[in-house]
Structure formats: structure tokens, C-alpha cells
1. How many of the residues making up the stretch 37-59 are aliphatic (A, V, I, L, M) and under 14 Å from SER24 (Cα atoms)?
2. Exactly one condition in (1) among the hydrophobic types (A, V, I, L, M, F, W, C); (2) assigned to a helix (DSSP H, G or I); (3) surrounded by 10 or more Cβ atoms within 10 Å (Cβ to Cβ) is false for ALA46; which is it?
3. Evaluate the stretch 11-31: report whether one residue or more is at pLDDT 80 or above, among the hydrophobic types (A, V, I, L, M, F, W, C) and loosely packed, with under 10 Cβ neighbours inside 10 Å.
4. Take the stretch 16-31 and flag every residue that is assigned to a helix (DSSP H, G or I) and either in contact (Cβ under 8 Å) with a residue 60 or more places away in the chain or not polar (S, T, N, Q) (or both).
5. Could you please let me know if GLY59 is modelled with pLDDT under 90 and either more than 15 Å from the chain's Cα centre (by Cα) or outside any helix (DSSP H, G or I) (or both)?
Amino acid sequence: MAQLLVRGIEAEVVRALRLRAARSGRSAEAEHREILREALLGRRSASLKQHLLRMPDAGDDKDFRVRREPARRVDW
């Protein structure tokens, strides 16, 4: 992967980047990548919640129940 070094950024911009990163739970570097991705490619990484909400309905809960045999009796 390529690297990008950006020099001469105002302290105010760096502070804003760090605050945004903290709110997103990412490092400043990861937040910087996300900002570039959004701005240049027009796409945003989906959150886990968004991925889960996009999943199709896969049936009823009863379809996923584990069938268990009754416990066997053990004599000591």
C-alpha cells in the first residue's frame, strides 16, 4: 500500500482530526484514511451495525434451535 505524508497542517486541523478520531473510536491515521476515502471515492466504511442490518431475514428463530437429547442417567 502507498503512503502519504502531509506537511504544514494547521494545529487547529490536527486537533479536529484527533477529536473526530476519538469520537469514531479510531486512530488519527485511520480517521485520516476514512476522510480521504469518503472525499475522493464517495464511499464510507459501513459499521458493524450497518452490515448486520443489511443481512437478509434468514428464517424463524426456531430454525436455529439446537436439538438436544435428554440427559442420560449415570449410576455411580
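The values are calculated or read from the model by the stated rules, or taken from the named source; none is laboratory data. Quick caveat: nothing in here was measured; it's all calculated off a predicted structure. As a convention, Cβ positions derive from the backbone with ideal geometry for all residues, glycine included, and neighbour counts pool all protein chains shown.
1. Total satisfying the criteria: 2.
2. Just one mismatch for ALA46, condition (2).
3. yes
4. ALA16, LEU17, ARG18, LEU19, ARG20, ALA21, ALA22, ARG23, ALA28, GLU29, ALA30, GLU31
5. Numbers: modelled with pLDDT under 90: yes; either more than 15 Å from the chain's Cα centre (by Cα) or outside any helix (DSSP H, G or I) (or both): yes.
Yes.
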